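The values are calculated or read from the model by the stated rules, or taken from the named source; none is laboratory data. All values derive from a computational prediction rather than experimental measurement. As a convention, Cβ positions derive from the backbone with ideal geometry for all residues, glycine included, and neighbour counts pool all protein chains shown.
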Amino acid sequence: MPNPVVHFEVGVPDAAALQAFYAKAFDWSVDADNPMNYGLVENNDEGIGDVAENDAGVIFYIQVADINAALETVKAGGGKTVEERTEIPGMVIMAKFADPAGNVIGLVEEGNDG
C-alpha cells in the first residue's frame, strides 16, 4: 500500500500517567528515557507524549516520499497545514495537517530517520 500509516501517538497533559496506564492495561513496554520524555511503545514506532491540554488526543502518521509535496496536495484538496515540515534530529522529519473536517493527521518522510 502506498503511503502507509506508520505511527500513532497519544498526546496528553500527563504522559507519565497514561504511559503507566497503557503499560499495565496491555502489558506494553514503554521507554521514556529520552530528552523529550516521549514514551516509545514496544517497537519504537508508537508513542505517548506530553502536550497541552487543548491538544490532547490521538493522531496517526502517514509515511510519504516528500512532505512538502504532500502538504501541497492536502491544500489543493481543501486541507490546511497545521505544522510545517519539521526535523527532529536523529529521530524523524514530520509535519501535521488538518483534513477538510478538521481532523489533525501527521506525515512522516520516508527513508529518513532525522
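Of note:
- For residue 66, the criteria (1) under 16 Å from residue 4 (Cβ atoms); (2) without any contact (Cβ under 8 Å) to a residue 40 or more places away in the chain; (3) among the charged types (D, E, K, R) hold in every case but one, which is (2).
- The C-beta contact set for the stretch 76-99 (first residue part of a loop (DSSP other than H, G, I, E, B) and surrounded by fewer than 16 Cβ atoms within 10 Å (Cβ to Cβ), second residue at pLDDT below 95 and not hydrophobic (A, V, I, L, M, F, W, C), distance under 7 angstrom, 6+ apart or interchain) comprises 78/100; 89/114; 90/114; 91/113; 91/114; 99/79.
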